[in-house]
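Right, one structure below, let's go through it.
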Amino acid sequence: MFQPNRDQARRFFIQAWHRYRHKQPLEPLQALAVEHILRHPEYHALLEDEEGSLARDWPPELGQTNPFLHLGLHLSISEQLSIDQPVGIVARYQTLRHRLRDEHAAQHAVMDCLVEMIWQAQRYDRPPDGAAYLACLEGKRGS
């Protein structure tokens with residue numbers, strides 16, 4: 001399994017954006033990344049500044065969202081949806097998408113639950129809880 005370090009992960013998004021902007025062919029994962037990047041115009045200038053974006057930190061305690069983490073979470077959700085893993089995520093996502101009438105807003109709702117599941121796993125040093133993740137999504141249906 002490929003587990004990129006911080007700079008490799010950031011370069012992936014920077015390079016995908018560069019290839020898109022210069023009309024170069026994209027690999028499938030790069031094309032998916034670009035779809036998410038296009039929905040986040042606030043990140044475009046950052047992605048064009050490779051040196052600056054590789055050096056910068058976005059400390060959550062200062063209320064800053066790390067754009068690379070955010071885009072990576074979008075990719076993770078897209079992958080989960082492509083294989084319905086955990087089983088049932090596609091149905092819950094479709095319900096959210098229908099209710100919110102916006103695919104991107106539905107991804108962000110899913111992201112809230114994904115981040116919570118990851119945080120809980122890290123906090124309590126245990127594996128991610130897919131059932132809790134799905135329950136969180138189920139709870140968003142009525143939100």
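Structure data summary
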quantity	calculated
Protein accessible area in the range 27-80, 1.4 Å probe - carbon and sulfur %	54
Euclidean distance between Cα centres, the range 64-113 to the range 1-26, Å	21
Calculated Cα Rg over 2.2 N^0.38 Å (choose from [x] 1.10; [y] 1.05; [z] 1.24), label	[x]
Cα gyration tensor category, rounded, prolate or oblate, for the range 32-92 with a/c compared to 1.5	prolate
R39, R123, R6, ranked by accessible area, largest first (probe 1.4 Å)	R123, R6, R39
Protein-only accessible surface order, largest first, of C136, C113 at 1.4 Å	C136, C113
Shape call, the range 70-128: gyration tensor on alpha carbons, a/c limit 1.5	prolate
Charge dipole magnitude, Cβ of K and R +1, D and E -1 - the chain, Cα centre, debye nearest 20	360
Fluctuation leader among H70, H104, H22 - the chain, Gaussian network, Cα springs under 10 angstrom	H22
Accessible-area ranking of K140, K23, largest first, probe 1.4 Å	K23, K140
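The values are calculated or read from the model by the stated rules, or taken from the named source; none is laboratory data. Computed from a prediction, not measured in an experiment: that's the story for all the values here. Virtual Cβ from ideal backbone geometry, glycine too; neighbours counted across all protein chains shown. Ligands, DNA and RNA are stripped out before the accessible areas are found, and what is left, the full protein with its side chains, is counted by its heavy atoms. Shrake-Rupley method; radii C 1.70, N 1.55, O 1.52, S 1.80 Å.
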